[in-house]
Structure formats: C-alpha cells, structure tokens
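The values are calculated or read from the model by the stated rules, or taken from the named source; none is laboratory data. All values reported here derive from a predicted model rather than from experimental measurement. Cβ: placed from backbone, ideal geometry, glycine included. Neighbour counts: every protein chain shown. Areas reflect the complete protein model, heavy atoms only, side chains present, ligands, DNA and RNA absent. Shrake-Rupley method; radii C 1.70, N 1.55, O 1.52, S 1.80 Å.
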Amino acid sequence: MTNSIAEIEDSQCVFVIGSNTTVAHPLVAHRIYRAKAKGAKVIVADPRRIHLASIADIHVSQNLGSDVALVNGMMNVILSKGLHDKAFVEERTEGFDALQEMVKNYPPERAAEITGISAEDIVRMAETYAGAEAASILYTMGITQHTHGVDNVKSLANLAMLTGNLGKYGAGVNPLRGQNNVQGACDMGGLPNVYPAYQVVTDAGNKQKFEDAWQAKLSDRVGYTVMEMMHGLEDGSLKGMVILGENPVGSDPDTTHVKHALESAEFLAVIDIFLTDTAKLAHVVLPGASYAEKDGTFSNTERKVLRVRKAVEPVGESKPDWQIICELSTRFGLPMAYSSPSEIFDEIAKVAPSYGGLSYERIEACGIPWPCPSPDHPGTPILHKDRFTRGKGLFHAIEYRPPDELIDDEFPLQLTTGRYFPHYHTGTMTRNSPTLHAEMPEGHVEINQEDASRLGLKDREQARIVSRRGEIVSKVIVTDSIDPGMVFMSFHFMEANANVLTNPALDPICKIPEYKVCAVRVEKLEQVQAAAAAE
Amino acid sequence: MELNYVRTTCPYCGCGCEMLLEVLDGKLLGTFPAKTNPMNQGKLCIKGWNAHEFVQSPERLTKPLIRKNGELVEVSWDEALDFTASKLKEIKDAHGGDSVAFLTSAKCTNEENYLLQKFCRIGFGTNNIDHCARL
C-alpha cells in the first residue's frame, strides 16, 4: 500500500476494484464503512455482487479481465472533461503525451463495449473518482491474477497519477496483501530477482555488497519463479526442492500438473505445521512451529513491521522454523549460529536499507512502517510524498488485451475464483479450526439461476465442473450475486479445489497465473453418471 | 494455575491486526483483539477471533518424517536433518546449485524468510527462491 489503512476512512472516494474486502480483509472493509459514514463516495467494480456492492454509490460488474479498458475509459472521460490534476501531471510525472494519445482510443462507448458496463456508469465513475479531493484505490488479486496483471496495476497507477492521488493523505494505490507476511517475504528477498529490500541481483554493486556481508560467492542470474520451478522439475533441470510453509499443490493453478512436477523431484523436503497435500509428496517432512510458538516479526500490507511473540511451547517435537533452517544450514556445512530472532533482525537491518532504523526495541509498543532508514526516523506511512522512487512518476500507455482462455462451445462458462469469509487460502489452518470449519464445512460452485435452469441444476445439487485441465465435483449454489455466463469457486477445499480447473497461463512480466478467468462447463452429475452407466 | 495474555500479530490476512492470546498453563484458550493497535482498534474478524484454534490441533505434525518404502515414517531430528543436508549436498555436487530451488513462506516470519533466502543464495549460489506472492 502507498498509504495506511487508517487513512481510508478519511478518503472522499474509495474505489474498490477486484477486492472482496469484507471477506478477505474485514478490518479494511471496516474503514470503508467508516469512510462512507463520513460522506465518502464508494465505487465498487467487481464481476460479482459482493457485499460491498450493497453499500456502494456506484457498483459495476465488469466482464472478467476487462479492467484495463475500464480504467482507460475512465481516464478518457477525465481528460476530455479536464478533470485531471494539471499541476501534478506537469510537476511530478512524465510520459503524459503518450498516455493521452492512447486513452483517445477508449471513449466511454468503446470501453462500455469491452467491459459490459454502460457508458453512463463509466462517466459517473470517472467524475466521482476525479472529483474527490483525496481518492483511494483498493485492489487485490482480482486485479493481479491475470495474464495482464501488470497492465492492470499500471493502469490503476496511471489513474491515480492523472488525478494527483499519490503522495497525499487519504489517497493512494493500495494493494491489500492476502497473507499475513507476504509483504515481509518479499521485503526479505524471498524472490528470484532481488536480495533483501528489493536490491536487484543483476546489479554488480548489490552482488558485491551481499558477498561482503555474507562472505560468500553469489549468482547474478535471476532465478526461477514458482511456476518456472514446476516446469524445471518436469524437464529435469531442477532436481531438488525445499518448501517452507507453503502448499503449492493446493494454491497453484492446474493441480494435476503441479502434483506431477513435485512427484518428479529427485528430492523434496517440506517444512510445515500440518501434513498438507504438498507435504504428502515429500521425501522428508520437518515439523515447524506456528506463529504462536515463536518470536519474530511480520510486515503487514501497510509495510508496518509488527512483533510476533511466543505464547506457548511448540507442540510435540516441532521447532521454530528459523531454528530448523539454522540446523539444516549448519549440517550442510555452513554454520548458522543465531541465538534469537532478534539477532537475525539486527542483521536484516544492516543489509536492508528500508529496515535500517528498525529494531525489536523500537517496534515493541507499536509497529513502524518502512522505509525507516535510521534509528531516529519515524517510519513512512505515506509513500511518494514529494517524489517517486525513480524521481518522476512514469505513465504507461497500456492497451487492453483479452484474457488467455476464452469461452467456446465446449467450455461455455467463465470460472473466477476467490475466498469465503471463514476460510483462508488452501484451508490448512481454517479447516483445522473447529469453529471456522463449522461455519462452512464444504465448498461449492456459485451459478446464476439462468444458467442453472438451462442445465437443469437445482440449488445444493452436486454438479461436475470441467475445464481443459481437469474436473471436480462440487455442490451448486444458485445465486443472483453472479451474472449469467460466469461461475465462482474458492480454493479452500482440497477435495473439490478450483485450482484443478484454473489456467496456468502467466503474465509475461511478473509470471502471475491467470486464476481469475478460465473457461469451464458445468454438468448435471446424474446425467454424467447415467451416461457412464450406459457405457 | 497460571493465566497469561500474550500480545502478538494475527496469522491470517495482511491487515496485521494485533491480538492477545489467552494462555492457561501452556495451553491456548482464546484470542482477544488488542485495543492499543491503531489499525484494528479492539476489533478482529471471525478468523482472527479463532486464530488460537488450529495451533494445538491434534492434526499438527509433531515429529520429523522420512519416506521409507513409500511411506512417511517418524524419525529423529538428527536423522531427518542429516538426511536432508546430505541429499541437498549430493544434488548440488552432482548437478550444480541451480538444480535446487526453494519456496519460502508468506506465513513465516521475516527472520525465517531472511534465513531461508540466505541459505539458498550462499549455500547453492542460486537465486532459485520464490514464494506464493502471486498466488
């Protein structure tokens, strides 16, 4: 997030796109309700009638994967009506001319054709967003999990820069991170192209810096992303894999392919707290400790570094994961002798400039948002205040591209995926929580009445859902919160996991898979069984 | 009997709500929202309120496991760690450091993520490290 969560309630316009905030980030949703109560306009762009749609001043259901066209359409209106922040564009940005040229291709009528939203609604959205003194954009995976995910994000950045909504209180471009420490895992260099604090591995100076700090020879070649690792295991270029606290069998697209890849590994070690579907494929499983059984820090979606404190001893013989890594490294021949997480944190502060001024002592009372380069620095709740990281903000002229997989006669429905309120990701934690499990013990596929009637499906009946990659059986929920032509599933339930169906096609830049759109068909289970029996 | 409340950060989404874990004699009893945190201000969602439940679940892994004759069987830490270290060394020596890849975790702490990427980069001379940021 460029801005903090608390600021959202003082925003004059909250534009939520591709985020089911009440379900996935309830405490952010709370701030949206407060903003609304204080008079803010709420705009929701989501293909489903999610709960936030019911309080929105404007709710639109865009066609899956049409976000670039929607945002370009809004910018077309803003420019043609002169609603943009001319001073901000002049002083703080570059590339405006190319953007202006490109946006001419998206008059509201054309944007309406691509997005399925009326031209009037696009004009209203543009006027409402640009008319606010401070407008905040909130998004999650509905924006990023596309083969044009990077384009979607850059388009939203264009919109915010065009209207001067960056670097000021209550504004910003705010991706809501889906996992407690996905921000921190990125900050710590858990990525194939960067060392801690986003210092790129291909830069000779960075490599030298880390070689000196770690007293080791390092590589300047960008490594594999997770999907490339799966391909590497299959083609034999990768032989061994170590997985810490992740369940790619449940969370990656095209489960069948992922399982096959992991089974191809010569050696697979998994460190986890439960025997996940991924751990079941391992040669070695090491029992880690949960968040309640160890000390450490998490960095939340606002970049705030917060303390994790040990409350109980690890169950059985399980151990804190940091100790497991130290012992493994030592036995591998590289002694790691850290006495506590706080000692590790002090090393992080030395090599990661944005964490440079942080220590356990400083974050004891309350978390501090990075960048915090020195011990006397108060932290940075709002990014890009006077300048962007690169100096001037760069507009990217981005054209709309359709999703990778389109519907056809064989697969006539579009599937999109997401979360439900009591569950979390692949269900490893929430389905082992009796209260949460009781709230929703099984998964289902949401379908519109019109499609259900055509297929002869009744509410709560079992159906078969088929894509080019696989098939699953799940209970049908007939609902008007989803438009005809589209179905929705979660990926919480391993026995009927949407990721058996999802498309592993990747964004060419960031390599994110297109979870949010693929083509499927839904079949009445009795007919399938009758046909099988007849054969 | 000893009752304690330990302030910590929620393990679910990226909001970063602070909460108090209620501990009676080493057992987790409940979760309460922290009122002092300016983000969640004394509130939690349904997942947060129940964040203690999975920690001491009977399904938790309590011992290291190694696959023997196709089955995962319980072994000692020494055996599991020695086996893992020697297999990784064997693969690195035979095929080079780029033949090994690591997935680090958006569920683990910063310190753990830092250590795993450091082990990957210095131990294998490769940048084959990623996690589920995209998933």
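Annotations
- Backbone N under 20 Å from the A:D10 label point (7 Å along Cα→Cβ), restricted to region A:157-181: A:164-175
- In plain terms, the chain from A:S453 to A:S481 could stretch by 8.5 nm, reckoned as 0.36 nm per residue minus the Cα-Cα distance.
- Taking every alpha-carbon pair under 8 Å whose residues sit at least 6 apart, region A:6-176 reaches a relative contact order of 31 percent.
- Taking 0.36 nm per residue of separation and subtracting the current Cα-Cα distance, fully stretching the chain between A:A532 and A:T256 would add 97.1 nm.
- In region A:129-154, comparing the full protein assembly with the chain on its own, the residues that lose 10 Å² or more of accessible surface at a 1.4 Å probe are A:M141, A:Q145.
- Cα→Cβ-extended label distance, 7 Å offset, between A:R221 and A:A98, nm: 3.1
- Here is the size of region A:375-415 from its Cα atoms: Rg then Dmax, 21.4, 64 Å.
- Between A:S374 and A:K81, the distance separating the two model label sites (each 7 Å from Cα on the Cα→Cβ line) works out to 4.6 nm.
- Taking Cα centre as origin and charging only the Cβ of basic (Lys, Arg, +1) and acidic (Asp, Glu, -1) residues, the dipole magnitude of chain A rounds to 1060 debye.
- For region A:413-534, DSSP calls about 65 percent of its internal beta bridges antiparallel.
- Pairing chains A and B buries close to 10600 square angstrom of accessible surface in total, based on protein heavy atoms and a 1.4 angstrom probe.
- Cβ-defined net charge surrounding B:V6, 14 Å radius [Lys, Arg +1; Asp, Glu -1]: -2
- A straight line joining the Cα centroids of region B:3-66 and region A:229-259 runs 30 Å.
- Rounded percent of accessible protein surface that carbon and sulfur make up, region B:3-49, 1.4 Å probe: 62
- Angle between chain B longest axis and helix B:110-124 axis [Cα atoms, degrees, rounded to 10]: 0
- Summary value for chain A: 16 percent relative contact order, contacts being C-alpha pairs under 8 angstrom separated by 6+ residues.
- Rounded to 5, percent antiparallel among DSSP beta bridges of the protein assembly as shown: 55
- Carbon-plus-sulfur accessible fraction, region B:96-135 (probe radius 1.4 Å, protein heavy atoms only): 48%.
- Given A:K304/A:K475; A:K38/A:K511; A:K294/A:K385; A:K259/B:K107, the pairs whose alpha carbons are separated by over 29 Å: A:K304/A:K475; A:K38/A:K511; A:K294/A:K385
- Divide the volume of the convex hull around the Cα atoms of chain B by the residue count and you get 173 Å³ per residue.
- Region A:173-201 and region A:464-534 have their alpha-carbon centroids 30 Å apart.
- Other residues lying with their Cβ under 12 Å from the Cβ of A:P513 contribute a combined charge of -3, Lys and Arg counting +1, Asp and Glu -1.
- Label zone at A:T330, where the point sits 7 Å out along the Cα-to-Cβ direction: region B:74-92 residues whose backbone N lies under 19 Å: B:76-89
- Acute angle (nearest 10 degrees) that the helix B:77-95 long axis makes with the longest principal axis of chain B, alpha-carbon atoms: 50
- Using C-alpha pairs under 8 Å with a sequence gap of at least 6, the mean separation divided by the residue count of region A:245-335 gives a relative contact order of 20 percent.
- Helix-only arithmetic for chain B: the sum of -39500 (n - 2.57) across DSSP H runs with n ≥ 4, divided by the residue total, places the mean residue ellipticity at 222 nm at -9000 deg cm²/dmol.
- Efficiency of FRET from Cβ geometry, A:L394 and A:E343, R₀ 45 Å, rounded to 0.05: 0.65
- Ranking A:P484, A:I368, A:Q323 by how far each Cα lies toward the positive end of the dipole of the protein assembly as shown (charges on Cβ) leaves A:I368 at the top.
- Percent of C-alpha pairs per 10 Å bin, chain A, short to long: 4, 16, 27, 27, 18, 7, 1, 0
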